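Here is the structure we will look at, set down as structure tokens.
The values are calculated or read from the model by the stated rules, or taken from the named source; none is laboratory data. Worth saying up front: this structure is predicted, and the values here are computed from it rather than measured. Virtual Cβ from ideal backbone geometry, glycine too; neighbours counted across all protein chains shown.
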Amino acid sequence: MADLAGNHYEKAFESWLKDNGIQYLLVDQQKRTAFSKSKIKSFDFLFYTPDSKAYIAEVKGRKFSGKTFTAFGSLANWVTIDDVKGLENWVKIFGGNYSGLFIFVYNPENIDIDSDGREIYECRDKRYVFAAVTLDDYKKGAGIRSEKWETVHLSAEYYKNCAIRPEELICRRAGL
């Protein structure tokens, strides 16, 4: 099967989708401009849970140099304002059956970490921890991180309370 995902964070999430039997489409990095001839920022994946709920996902990769995920909320969760607007627009274009989703993919640099019960996913000799935040939740809690760089982020407490594990989307939607 062709390996179309872009950076190693996107490749890790694509591999996780495959391993979990999740139907998905990814936007080919080389064809993003053709896919979106408008000024709307493109996204990374469309994926479908077992009950056919559809997500438009934007993957955000981050290095993690800490030793424990117990302070999970303090992890980097910033996105650009264009990321938020892009997902909003795609949700409108695709319609009400689709939900926007940010997938934060953390790559732990330390070998021995306390994952605080979070799944550590191994892909291509690297390890990852995933967290998802719905677009609606992100918009409700977003605050300005940098006006100059036009970025927003979630407070540690808010992020800790609204971030979900991607596998919860599968279980929740499948009624497991």
- Query: Is it fair to say GLY6 is out of contact with any His (no Cβ under 8 Å at 6 or more places or on another chain), within 18 Å of ILE164 (Cβ to Cβ), at pLDDT below 80 and of a type in the set (Gly, Ala, Ser)?
  - Reply: no
- Item | Residue match in region 24-36 (condition: assigned to a loop (DSSP other than H, G, I, E, B), buried (at least 16 other Cβ atoms within 10 Å of the Cβ) and at pLDDT 85 or above) | yes
- With the first residue restricted to region 141-170 and required to be in contact (Cβ under 8 Å) with a residue 12 or more places away in the chain and within 21 Å of PHE13 (Cβ to Cβ), and the second required to be basic (Lys, Arg) and part of a loop (DSSP other than H, G, I, E, B), Cβ contacts under 8 Å at 6 or more apart or on different chains are ARG165/ARG118; LEU169/LYS53
- Message: Anything in region 58-76 that is under 19 Å from HIS8 (Cβ atoms) and touching a strand residue (DSSP E or B) at 6+ places or on another chain (Cβ under 6 Å)? List them, or say none.
- Response: GLU58, VAL59, LYS60, GLY61, ARG62, LYS63, PHE64, ALA76
- Task: Give me a count of the residues in region 75-85 that are at pLDDT below 95 and either surrounded by fewer than 17 Cβ atoms within 10 Å (Cβ to Cβ) or in contact with a Ser or Thr (Cβ under 9 Å, 6 or more places away or on another chain) (or both).
- Result: 1
- Among the residues of region 131-162, the number that are closer than 13 Å to GLY73 by Cα and either under 16 Å from the mean Cα position of the chain (by Cα) or among the polar types (S, T, N, Q) (or both) is 10
- Task: Give the residues of region 94-110 that are under 20 Å from HIS153 (Cα atoms), of a type outside the set (A, V, I, L, M) and buried (at least 19 other Cβ atoms within 10 Å of the Cβ), sorted by residue number.
- Result: GLY100, PHE102, PHE104, TYR106
- Message: Anything in region 94-110 that is more than 13 Å from LYS67 (Cβ to Cβ), outside any loop (DSSP other than H, G, I, E, B) and in contact with a Ser or Thr (Cβ under 9 Å, 6 or more places away or on another chain)? List them, or say none.
- Response: SER99, GLY100, LEU101, PHE102
- Message: If I go through region 48-61 residue by residue, how many of them are assigned to a strand (DSSP E or B) and modelled with pLDDT under 95?
- Response: 2
